[in-house]
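Visitor: Below you will find the structure I want to go over with you.
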Amino acid sequence: MSDFGTSPVEFFSAYSYYYPLFMAYLWMIGAVFYYFRYERPPKSHRDLPRDVPETPPPLPEYPLVTIIVPCHNEGRDIEDTVEYLLASTYPNFDILLVNDGSGDETRDILDKLATQFANVRVIHAARNQGKAVALTTASLMTSAQYLCCIDADALLDPEALSWMMVHFLNPRVGAVTGNPRVRNRSTLLGRLQVGEYSSIVGLIKRAQRTYGRIFTVSGVVACFRKAALHDVGYWSSDMLTEDIDVSWNLQIRHWDVRFEPKAQCWILAPETLKGLWQQRLRWSTGGIQVMMKNWRIEHLWSARRMWPVLLEYAMSVLWAYSITVIAVLWLIGFFIELPPEYRITRFLSGWNGVMVGTTCLLQVGISLALDSRYDQGSLKTFYWMIWYPLAYWMLSMFTTIVAVPRALLRDTKKRARWNSPDRGIAP
Amino acid sequence: MEQSGPRHSTLKSPLIERSDLQSPQQRTLYGALTLAFWAFWFYLWLPLLALLAWSLGLQQAFKYMVVLGGYHEVIRVIGLYSLIILLLGGALVVWAVYNIMRFRDDERRTGGLPVTPAMIGLDFGQDPLAVERWQGEQRLRVSHDQGGKISHVEVLSDDVHVDV
């Protein structure tokens, strides 16, 4: 078993091992608590077969919701996206498509949709402005007091909007994020991310809701109370991850941000290593940007309930550097005789290894139990998943190592613009 | 014009499962990655596998695990880990229950006032009457300045030429 010991190497060695291990258990316990407190179907539904979906409860009123879809070169997917949105069972909504300076056929497709459907509206930005500006512009151009923002390549489940709107009955709620499910499962990377979204993202979001604060809404699908957005000045145009930033701004102003696992949204995940790396590097750099922005004395007291979330993020950054040092020393040890205090003789061996292997198994098993109701096709992808928590931590390590200097060196006023993400293999 | 409405049954399945479309390089790379991670995962289980192997000759297992005290380390690790997990998880659950009890039936916050065109006009330097008009239009063209602020809004006519 690793011990913290007295030398820095012993400390980093122990920290590298214990931090992800115990965080995994914290997520599992938090997620199980969340399930029994908030998510478990009502008694009347429990006796029905598992493939019978639970329906959202009726609301006392159905205020207008504007679904905002920012688009930048989305000609391939936007019609499917709108088709799913039009099938929403929420009775009072319109769709606002924002063409953010696309260079492909997006403009013509959006105009065609606006002529076809009375509840589809279109904004054309004269030049590409970035997602944050597109969202803010659209928010001002609607009288709706509730906004649902989804990515142009995501398919919103017809019941999702109703599930998210239930939360706004509570006046404290400023935002609700849905449950992204990966659509493309053709390659190993696609299948791994199916599991990742449930065994890592789903568990963390549930555990964070148990605590009471979440690190971020999913940018791909989130609903907002407009009064809350107005209170925090809408989206920041200079943040790489506008979703993390707005989540923090809302919670610092004491708005509640919720997660609704029943609000499913089908998303396209990268299926090449390059695409996955670019996506995760952007998330990681954006997360560090937000951490640096909020690490300010004037925020400290009003953000006190965010401290554990901030601390957890800071610890994960420290972990990335810590495990890198240990791995490098371990590898050097094969070629050079290092002094004893720098020598790493064992890397996750003995009973520590069994503990890590068992934890992966437990984590995947619990997430399978929690999520199988929503995504019954996910079961077969779990064969690929047992070791995935290990791969997740490795990816997280590499992206964090690169992201920290990128975030530190980035011009704080520089506008975050769109990049074209990898959307996997298309049939 | 069509109207929106539930068209559940007409929606195509969102899932894309076409492994046949992978390139040979992708197939090879991902196959190798899968193999490597499975091997590493089994490496983690070596002590348990060794224990199982020993168990096949029960005398040896008894000697190593009981007579020579091999079980001490197993019990120590499991006990210590369980204690830490219990403390961490317990703290989270106690905190969650405390908050549920504390804020039950004690909502002091309101949902905020509706955001009106006048409020938007004030914050974004726009004419409230113009904002109200834009909110009712179906097609707009918006220009922004260098800082991303709205500089000009043009209402597009309904007479659209669509060439798709």
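Visitor: Considering only residues that are touching a Pro at 6+ places or on another chain (Cβ under 8 Å), modelled with pLDDT of 85 or more and at the interface with another protein chain (Cβ under 9 Å from one of its Cβ atoms), which ones fall in the stretch B:74-122?
Guide: B:T116, B:P117, B:I120
Visitor: Six or more apart or on different chains, Cβ under 7 Å: which pairs go from a residue in the stretch A:216-232 that's within 14 Å of chain B (Cβ to nearest Cβ) to one that's charged (D, E, K, R) and part of a loop (DSSP other than H, G, I, E, B)? Could you list them?
Guide: Filtered contacts from the stretch A:216-232: A:V220/A:D151; A:D231/A:R253; A:V232/A:R253.
Visitor: Next question. Answer yes if at least one residue in the stretch A:148-161 is in contact (Cβ under 8 Å) with a residue 40 or more places away in the chain and in a helix (DSSP H, G or I), and no otherwise.
Guide: Initially, the stretch A:148-161 is screened for residues in contact (Cβ under 8 Å) with a residue 40 or more places away in the chain, giving A:148-161.
After this cut, where a residue has to be in a helix (DSSP H, G or I) as well, the list is A:160-161.
Checked the stretch A:148-161: at least one residue is in contact (Cβ under 8 Å) with a residue 40 or more places away in the chain and in a helix (DSSP H, G or I).
Visitor: Then there's this: Taking A:F11 and the conditions (1) free of Cβ contacts under 8 Å to residues at least 24 places away in the same chain; (2) open to solvent by less than 20 Å² (accessible area, probe 1.4 Å), which numbered condition does it fall short on, given that it satisfies the others?
Guide: It fails just one condition, (2).
Visitor: Sticking with this structure for a sec: Can you confirm whether A:T142 is more than 25 Å from the chain's Cα centre (by Cα) and without any contact (Cβ under 8 Å) to a residue 24 or more places away in the chain? Before the answer, list the steps.
Guide: Values: more than 25 Å from the chain's Cα centre (by Cα): yes; without any contact (Cβ under 8 Å) to a residue 24 or more places away in the chain: no.
It is false that A:T142 is more than 25 Å from the chain's Cα centre (by Cα) and without any contact (Cβ under 8 Å) to a residue 24 or more places away in the chain.
Visitor: Now for a separate question. When the stretch A:305-355 is examined, which residues are found to be more than 30 Å from A:I204 (Cα to Cα), outside any helix (DSSP H, G or I) and of a type outside the set (K, R)?
Guide: A:G333, A:F334, A:F335, A:I336, A:E337, A:L338, A:P339, A:I344, A:T345, listed by residue number.
Visitor: Something else: Among the residues of the stretch A:166-193, which ones are over 15 Å from the mean Cα position of the chain (by Cα) and assigned to a helix (DSSP H, G or I)? Outline the logic, then answer.
Guide: Step one: list which residues in the stretch A:166-193 are over 15 Å from the mean Cα position of the chain (by Cα), which gives A:166-174, A:183-192.
If the condition is that a residue be over 15 Å from the mean Cα position of the chain (by Cα) and assigned to a helix (DSSP H, G or I), then A:V166, A:H167, A:F168, A:L169, A:L188, A:L189, A:G190, A:R191, A:L192 are the ones that fit.
Visitor: Here's something else I'd like to know. Could you check the stretch A:14-38 and list, in sequence order, the residues that are within 20 Å of the chain's Cα centre (by Cα) and either buried (at least 18 other Cβ atoms within 10 Å of the Cβ) or free of Cβ contacts under 8 Å to residues at least 40 places away in the same chain (or both)?
Guide: A:P20, A:M23, A:A24, A:Y25, A:L26, A:W27, A:M28, A:I29, A:G30, A:A31, A:V32, A:Y34
Visitor: In addition: Among the aromatic types (F, W, Y), under 26 Å from A:V32 (Cβ atoms) and at pLDDT 95 or above - does that describe any residue in the stretch A:217-237? Before the answer, list the steps.
Guide: So in the stretch A:217-237, the residues among the aromatic types (F, W, Y) come out as A:224, A:234-235.
Next cut, under 26 Å from A:V32 (Cβ atoms) only: none.
Looking for residues that are among the aromatic types (F, W, Y), under 26 Å from A:V32 (Cβ atoms) and at pLDDT 95 or above, one finds none in the stretch A:217-237, hence no.
Visitor: If you don't mind, there's one more thing I want to ask. Would you call A:G195 at pLDDT below 95 and open to solvent by less than 10 Å² (accessible area, probe 1.4 Å)?
Guide: Values: at pLDDT below 95: yes; open to solvent by less than 10 Å² (accessible area, probe 1.4 Å): yes.
It is true that A:G195 is at pLDDT below 95 and open to solvent by less than 10 Å² (accessible area, probe 1.4 Å).
Visitor: Against the condition at pLDDT 95 or above, over 24 Å from the mean Cα position of the chain (by Cα) and either within 9 Å of chain B (Cβ to nearest Cβ) or buried (at least 23 other Cβ atoms within 10 Å of the Cβ) (or both), how does A:R127 come out, does it pass? Outline the logic, then answer.
Guide: Working: at pLDDT 95 or above: no; over 24 Å from the mean Cα position of the chain (by Cα): yes; either within 9 Å of chain B (Cβ to nearest Cβ) or buried (at least 23 other Cβ atoms within 10 Å of the Cβ) (or both): yes.
Here the answer is no, as A:R127 does not meet what is asked.
Visitor: Now, a different point. Among the residues of the stretch A:358-366, is any modelled with pLDDT under 80 and either open to solvent by 10 Å² or more (accessible area, probe 1.4 Å) or within 12 Å of chain B (Cβ to nearest Cβ) (or both)? Walk me through it before giving the result.
Guide: Initially, the stretch A:358-366 is screened for residues modelled with pLDDT under 80, giving none.
No, every residue in the stretch A:358-366 fails to be modelled with pLDDT under 80 and either open to solvent by 10 Å² or more (accessible area, probe 1.4 Å) or within 12 Å of chain B (Cβ to nearest Cβ) (or both).
Residue-wise test of (1) of a type in the set (K, R); (2) out of contact with any Phe, Trp or Tyr (no Cβ under 6 Å at 6 or more places or on another chain); (3) closer than 29 Å to A:M165 by Cα.
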residue: A:L192; (1), (2), (3): no, no, no
residue: A:V221; (1), (2), (3): no, yes, yes
residue: A:A228; (1), (2), (3): no, no, yes
residue: A:Y234; (1), (2), (3): no, yes, yes
residue: A:Q251; (1), (2), (3): no, yes, yes
residue: A:Q289; (1), (2), (3): no, yes, no
residue: A:R296; (1), (2), (3): yes, yes, no
residue: A:R304; (1), (2), (3): yes, yes, yes
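Visitor: Another one. I'd like to know if the stretch A:310-330 contains one or more residues that are surrounded by 15 or more Cβ atoms within 10 Å (Cβ to Cβ), in contact with a Leu (Cβ under 6 Å, 6 or more places away or on another chain) and modelled with pLDDT of 80 or more.
Guide: Checked the stretch A:310-330: no residue is surrounded by 15 or more Cβ atoms within 10 Å (Cβ to Cβ), in contact with a Leu (Cβ under 6 Å, 6 or more places away or on another chain) and modelled with pLDDT of 80 or more.
Visitor: Also, quick follow-up: If only one of A:L85, A:L96, A:L64, A:L113 is surrounded by fewer than 23 Cβ atoms within 10 Å (Cβ to Cβ) and within 10 Å of chain B (Cβ to nearest Cβ), which one is it? Working first, answer last.
Guide: Numbers: A:L85 fails: surrounded by fewer than 23 Cβ atoms within 10 Å (Cβ to Cβ); A:L96 fails: surrounded by fewer than 23 Cβ atoms within 10 Å (Cβ to Cβ); A:L64 fails: within 10 Å of chain B (Cβ to nearest Cβ).
Going through A:L85, A:L96, A:L64, A:L113 in turn, the sole match is A:L113.
Visitor: Counting only residues that are closer than 17 Å to B:Q138 by Cα and either facing another protein chain (nearest Cβ under 7 Å) or assigned to a helix (DSSP H, G or I) (or both), how many does the stretch A:135-147 have?
Guide: 8
Visitor: A further question on this structure: Hey, could you check the stretch A:268-303 for residues that are over 24 Å from A:A391 (Cα atoms) and of a type in the set (A, V, I, L, M) and say which is most open to solvent (accessible area, probe 1.4 Å)?
Guide: Per the criteria, the residue is A:I297.
Visitor: Restricting to the stretch A:245-266, and then to whatever is among the hydrophobic types (A, V, I, L, M, F, W, C) and surrounded by fewer than 23 Cβ atoms within 10 Å (Cβ to Cβ), can you tell me which residue is nearest to the chain's Cα centre (by Cα)?
Guide: In the first step, residues of the stretch A:245-266 are kept if they are among the hydrophobic types (A, V, I, L, M, F, W, C); the result is A:246, A:248, A:250, A:252, A:255, A:257, A:259, A:263, A:265-266.
Then drop every residue that is not surrounded by fewer than 23 Cβ atoms within 10 Å (Cβ to Cβ), which leaves A:250, A:252.
Working: A:L250: 16, A:I252: 19 Å.
Once the filter is applied, the top-ranked residue is A:L250.
The values are calculated or read from the model by the stated rules, or taken from the named source; none is laboratory data. Predicted model only: the values in this text are computed from it and were never measured. No Cβ is skipped: glycine too gets one built from the backbone with ideal geometry, and neighbour counts run over all protein chains shown. Side chains included, ligands, DNA and RNA excluded: accessible areas come from the protein's heavy atoms. Shrake-Rupley method; radii C 1.70, N 1.55, O 1.52, S 1.80 Å.
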